[in-house]
1. Restricting the stretch 235-256 to residues that are aliphatic (A, V, I, L, M) and not in a strand (DSSP E or B), which is nearest to residue 302 (Cα to Cα)?
2. Could you tell me which residue of the stretch 147-200 is most open to solvent (accessible area, probe 1.4 Å), considering only residues that are part of a strand (DSSP E or B) and among the aliphatic types (A, V, I, L, M)?
3. Go through the stretch 201-231 and give me each residue that's outside any strand (DSSP E or B) and closer than 25 Å to residue 288 by Cβ.
4. Would the stretch 233-256 turn up any residue that is surrounded by fewer than 15 Cβ atoms within 10 Å (Cβ to Cβ) and in contact (Cβ under 8 Å) with a residue 40 or more places away in the chain?
5. Taking the stated definitions as given, is residue 203 open to solvent by 80 Å² or more (accessible area, probe 1.4 Å), charged (D, E, K, R), at pLDDT below 95 and in contact with a Lys or Arg (Cβ under 8 Å, 6 or more places away or on another chain)?
6. Could you check residue 282 against (1) in contact (Cβ under 8 Å) with a residue 24 or more places away in the chain; (2) out of contact with any Pro (no Cβ under 6 Å at 6 or more places or on another chain) and say which number it fails?
7. Please specify each residue of the stretch 281-336 satisfying the condition of being under 19 Å from the mean Cα position of the chain (by Cα), surrounded by fewer than 23 Cβ atoms within 10 Å (Cβ to Cβ) and of a type in the set (D, E, K, R).
8. Suppose we filter the stretch 107-124 for residues that are in a loop (DSSP other than H, G, I, E, B) and either in contact with a helix residue (DSSP H, G or I) (Cβ under 6 Å, 6 or more places away or on another chain) or open to solvent by less than 10 Å² (accessible area, probe 1.4 Å) (or both); how many remain?
Amino acid sequence: MKRKVLLIYTGGTIGMEKDYETGSLMAFDFGNIFQKIPEMKLIECEVEVYPFRKPLDSSDMGPKEWKIIANHIGKNYENYDGFLILHGTDTMSYSASALSFMLKNLRKPVILTGSQLPIGDLRTDAKENLLTSLYYASLYDHDEAVIQEVAVYFEYKLLRGNRTLKYSAEFFDAYQTPNYPVLGQSGVHLNVEKDFLWRSKTEPFTVDTHISQDVLFWRIFPGMHLNHFTEIPHVKVLVLQVFGSGTIFNTEQTKKILQKLRENGTEIVVISQCVSGGISFGKYTNSNIFREIGAISGNDITAESAITKAMHLLDNPNYGGSFAENFVKNLCGEVSD
């Protein structure tokens, strides 16, 4: 039996081709994708295309578009065996992270991919990314989907979506998951590391598109004046990216300002500036301040995942308990236990 995959085209470089008369890039009609990539007909799955009415640069993707994608998957969940989202590369990790929280208890693959070069370019990486993503989106073992989570496929690697970060604007191998192993690799054979795959609990699949935008992200740097925090409007969640395993300037002013934020009702989530590793309160003296003021450790979560997780959890009526209690939980593989 052929598996059915719904391809959702949002925009991005992968959907561009060059107008050789003007030299400019323009979006092509994804209704003609089978003419552009005839190899798609050789894959043992049926593909239907749902294009955004207006293709978007990935820098224009945000909560509104995340909700559109999540709701469309929810509406069509029973009609397809897998879902493939074509997306611009710059914010793909944000979208993959947000969707991993919105699409609860997945039992089917949701794969995001894109490309560094347009699909019509002679040296494009788009075709391989698209074709192999279709394989993963339709990969079943008997009647069970092999991939049951939101993942990113890029340059021969399948990665957990909410663990990814884009580390290169130039290389084809643009994504990494420094704090989690690769889920699969494509070579002569299509490999999957089954021990690393996420499996949800027994609850049924649901869509929860709650997103709050009352979240602020701030990166600490040497010499920074923390009194800037007293000049910003009240924000419900501050994601604070600090040094190493969780250190910040060890001054009375630092503690006073951060304590004032907490007294005003701001939740402070602490994440690391390091690409690999995570937060460990108490490892160094200069991290004790966060424990004293009741800040939340982000563990080894990425910035993209921390931001979208905070947006999803904040004031979400579908979660019991406090924001802090829910944030430290491993909801869908985004942090290490």
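1. Per the stated criteria, the residue is 248.
2. My answer is 190.
3. The answer is 220, 221, 222, 223, 224, 225, 226, 227, 228, 229, 230.
4. Checked the stretch 233-256: no residue is surrounded by fewer than 15 Cβ atoms within 10 Å (Cβ to Cβ) and in contact (Cβ under 8 Å) with a residue 40 or more places away in the chain.
5. yes
6. Condition (1) is where residue 282 drops out.
7. 300, 329
8. Final tally of qualifying residues: 5.
The values are calculated or read from the model by the stated rules, or taken from the named source; none is laboratory data. Everything numeric here is computed off the predicted structure, so don't read it as measured data. A quick note on method: Cβ atoms are made from the backbone with ideal geometry, for glycine too, and the neighbour counts reach across all protein chains shown. When the accessible area is computed, the model is the full protein with side chains, heavy atoms only, and any ligands, DNA or RNA have been set aside. Shrake-Rupley method; radii C 1.70, N 1.55, O 1.52, S 1.80 Å.
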